[in-house]
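Participant: Quick one: this structure, given as structure tokens, is what I'll be asking you about.
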Amino acid sequence: MTQSPESDSRTDTLRQSIRAAGLRVTVPRVAVLEALQDNPHSSAEKVTDKVRPVLKGTSSQAVYGILAALTGAGLVRRFDPAGSPALFECRVGDNHHHLVCIRCGAIKDVDCVIGAAPCLTPSDASGFAVFAAEVTFNGLCRECQDFSTPEHID
Ligand SMILES: [Zn+2]
Ligand SMILES: [Zn+2]
């Protein structure tokens, strides 16, 4: 099997980050991380579709298990938009937020809203030391706003 030098070095970087997170480097773990880098905010189902050509006969349960391990190790972030299956991405540790279109499910990353994490201050922290805030901005994306003009309403 021939691979371009570029994808080799990406695989090396991924292998190093898996090892640095204290996990054993396996082909499925590397394949899942690669799929997420190319397709941020993917469900376990979608990741399974992406890795199937590489990991023949893999199941979405197996991929879900890998995603859970990678999330636990801090390599992957899990995000649960209302009414959608859990989504996963490789962008971790920056406390970014998400804009979600309630009509078509489009998702965009939003950088930290104000200053550094947690970038939002609870009105009452009840004595908690807060280090992260996860905000989902629900709305309609540009395309869906156009689609919602009166003549299109069903
Ligand atoms: Zn939309
Ligand atoms: Zn994101």
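Participant: Looking at the range 67-94, which of its residues are in a loop (DSSP other than H, G, I, E, B), over 11 Å from the mean Cα position of the chain (by Cα) and aliphatic (A, V, I, L, M)?
Facilitator: Hits for the range 67-94 are 73, 82.
Participant: Tell me which of these residue 64 doesn't satisfy, since it passes every other one: (1) outside any loop (DSSP other than H, G, I, E, B); (2) hydroxyl-bearing (Ser, Thr, Tyr); (3) within 14 Å of ligand 2 (Cβ to nearest atom).
Facilitator: For residue 64, the exception is condition (3).
Participant: Which residues, counting only those in the range 104-119, are in contact with a strand residue (DSSP E or B) (Cβ under 9 Å, 6 or more places away or on another chain), surrounded by 12 or more Cβ atoms within 10 Å (Cβ to Cβ) and assigned to a loop (DSSP other than H, G, I, E, B)?
Facilitator: Matches in the range 104-119: 106, 112, 113, 119.
Participant: Mind telling me which of the residues 50, 46, 56 ends up being among the basic types (Lys, Arg) and within 13 Å of the chain's Cα centre (by Cα)?
Facilitator: Selected residue: 46, the only one of 50, 46, 56 that is among the basic types (Lys, Arg) and within 13 Å of the chain's Cα centre (by Cα).
Participant: Consider residue 75 carefully, then state whether it is at pLDDT 90 or above, out of contact with any Pro (no Cβ under 7 Å at 6 or more places or on another chain) and away from ligand 1 (no atom under 16 Å from the Cβ).
Facilitator: Yes, satisfied.
Participant: Among the residues of the range 120-151, write down those that are at pLDDT 90 or above and either within 16 Å of ligand 2 (Cβ to nearest atom) or not in a loop (DSSP other than H, G, I, E, B) (or both).
Facilitator: Within the range 120-151, 136, 137, 138, 139, 141, 142, 143, 144, 145 qualify.
Participant: Among the numbered criteria (1) farther than 19 Å from residue 17 by Cβ; (2) within 13 Å of the chain's Cα centre (by Cα); (3) more than 12 Å from ligand 2 (Cβ to nearest atom), which single criterion is violated by residue 41?
Facilitator: Evaluating residue 41 over (1) farther than 19 Å from residue 17 by Cβ; (2) within 13 Å of the chain's Cα centre (by Cα); (3) more than 12 Å from ligand 2 (Cβ to nearest atom) leaves (3) as the failure.
Participant: Could you tell me whether the range 58-80 includes any residue that is more than 24 Å from residue 22 (Cα to Cα) and without any contact (Cβ under 8 Å) to a residue 12 or more places away in the chain?
Facilitator: Within the range 58-80, one or more residues are more than 24 Å from residue 22 (Cα to Cα) and without any contact (Cβ under 8 Å) to a residue 12 or more places away in the chain.
The values are calculated or read from the model by the stated rules, or taken from the named source; none is laboratory data. Worth saying up front: this structure is predicted, and the values here are computed from it rather than measured. Don't worry about glycine lacking a Cβ; one is built from the backbone with ideal geometry, like all the others, and counts go over all protein chains shown.
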